[in-house]
1. Does region 199-232 hold any residues that are free of Cβ contacts under 8 Å to residues at least 24 places away in the same chain, more than 21 Å from residue 182 (Cα to Cα) and in a helix (DSSP H, G or I), and which are they?
2. What's the total number of residues in region 339-395 that are in contact with a Gly (Cβ under 9 Å, 6 or more places away or on another chain) and either free of Cβ contacts under 8 Å to residues at least 60 places away in the same chain or not assigned by TED's automatic domain parsing to the domain that holds residue 20 (or both)?
3. For region 82-102, give me each residue that is part of a loop (DSSP other than H, G, I, E, B) and touching a residue at least 12 places away in the same chain (Cβ under 8 Å).
4. Any residue in region 182-195 that's farther than 13 Å from residue 127 by Cα: show its pairings with residues that are small (Gly, Ala, Ser) and in a helix (DSSP H, G or I) at Cβ separation under 9 Å, as long as the two are six or more apart or on different chains.
5. Mind telling me which of the residues 73, 45, 5 ends up being outside any strand (DSSP E or B), in the same structural domain as residue 316 (by TED's automatic domain parsing) and of a type outside the set (A, V, I, L, M, F, W, C)?
6. When you go through 372, 324 one by one, which is the residue that is modelled with pLDDT of 95 or more and either surrounded by fewer than 22 Cβ atoms within 10 Å (Cβ to Cβ) or under 22 Å from residue 263 (Cβ atoms) (or both)?
7. Within region 148-166, is even one residue in a loop (DSSP other than H, G, I, E, B) and of a type in the set (D, E, K, R)?
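The values are calculated or read from the model by the stated rules, or taken from the named source; none is laboratory data. Note that the structure is predicted; figures quoted are calculated from it, not measured. Counting neighbours? That spans all protein chains shown, and the Cβs are built from the backbone with ideal geometry, glycine included.
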Amino acid sequence: MYSRESLLDLKDFYENQLLNDTVPFWFPRSFDKDFGGFLLMRDVEGSLIDDDKAVWIQARATWLLATLYNTMEKKQEWLDGARLGYEFLMKHCFDADGRMFFHVTREGRPIRKRRYFFSETFAVIAMAAYARASGDTEAARVARVLFGKCIEYAEVPGLLPSKFSDTRPARGIGIPMIMINTAQQLRETIGDDRCDERISGWIKDIEKYFVKEDIRCVMEQVATDGTIIDHIDGRTLNPGHAIEGAWFILHEARRRNNDPHLIALGCKMLDYMWERGWDKEYGGILYFRDVFNKPVQEYWQDMKFWWPHNEAIIATLLAYLITGNEKYASWHKLVNDYAYSHFHDKIHGEWFGYLHRDGKPAQTAKGNLFKGPFHLPRQEWYCAQILNDHLNKAE
């Protein structure tokens, strides 16, 4: 399916999209020179629709800019932008109890704090990437301390309020997934001796509790013993999320000299959730499915969101490069062609975030409390990186 020439073309495509389409949509216009951080809630052509700031998106943008500086080009604008984000996070985004807010005003006054700790995990990777870019030893120290807090939040029962009640206790795949990727990013930027062992443990948790070979599925939540909770929430699947978890595991397999067990696990997760998530009528990844094909509660269940397609583009390409299996090449072409023909705004750049099932945009915003410069640029950056590595090794 993919010759060496076509892989070269694909690498060039992702690099061009990243550097000449996606990143320029956001920067430098989003740099908040008055209050720090970034103004990221933007409409189709880039106009500002709200000046509030989602803390996790501030951290993600910081990570992106520092990562571009670390791996693509020593561009001063990117380093200066990453510093804007880092300093805003440090000055305004921590509460007195050491936890981070989720949503703040433009000036940094708190609006909302959530029970989960995803702001913290994204702050870890932001601070680690910035520390590598800038040489700031304090940023590196804070990243490692905050990673330790995230480990406690993930592993110490009762430290944070759970979204699951004592009536129906459960465990969700989101925590081991986000912790795997947080540790991977920390390890690959400034290093941390805790990462390898912890990553192995979180992968084992996903395999033990959430991957169901008998029904070819990856669950979003299960009972504490790993059994399926036969209620609406317990049955609801998020194919794009599980596919994201699949590529985190394939990434780890690649780092560990193509570990065969991790390759098999990652590919299994991708296979199961592609089968359940790909819309055979209209194309694209459906947002929610029911494990037993019963009706899903959320009304947006058949919409197409941008980020599952970013994760599927990465997962299918990574699976193909690792295994050489043409199935993954064909899947990659399917999802790549669908995404860039439906989500990509060829006039103003970047991607629309939300499509109806038939592929028509549901609204025009490019940035809000949940969408910003992360999933798309990470996909384009990561795909270009692994293609470049693959092509260089093949020479």
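1. Within region 199-232, just 214 meets the criteria.
2. Result for region 339-395: 8.
3. If the condition is that a residue be part of a loop (DSSP other than H, G, I, E, B) and touching a residue at least 12 places away in the same chain (Cβ under 8 Å), then 93, 95, 98, 99, 101, 102 are the ones that fit.
4. Close Cβ pairs satisfying both conditions: 192/128; 192/143; 192/183; 194/148; 194/183; 195/183.
5. Details: 73 fails: in the same structural domain as residue 316 (by TED's automatic domain parsing); 45 fails: in the same structural domain as residue 316 (by TED's automatic domain parsing).
Only one candidate passes the filter, namely 5.
6. Just a single option satisfies the conditions, and that option is 324.
7. So the first thing to find is which residues in region 148-166 are in a loop (DSSP other than H, G, I, E, B), and the list is 156-166.
Subsequent filtering for residues that are of a type in the set (D, E, K, R) retains 163, 166.
Yes.
Per-residue answers, yes or no, for (1) at pLDDT below 95; (2) surrounded by 21 or more Cβ atoms within 10 Å (Cβ to Cβ):
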| position | (1), (2) |
| --- | --- |
| 96 | no, no |
| 109 | no, no |
| 119 | no, yes |
| 141 | no, no |
| 155 | yes, no |
| 159 | yes, no |
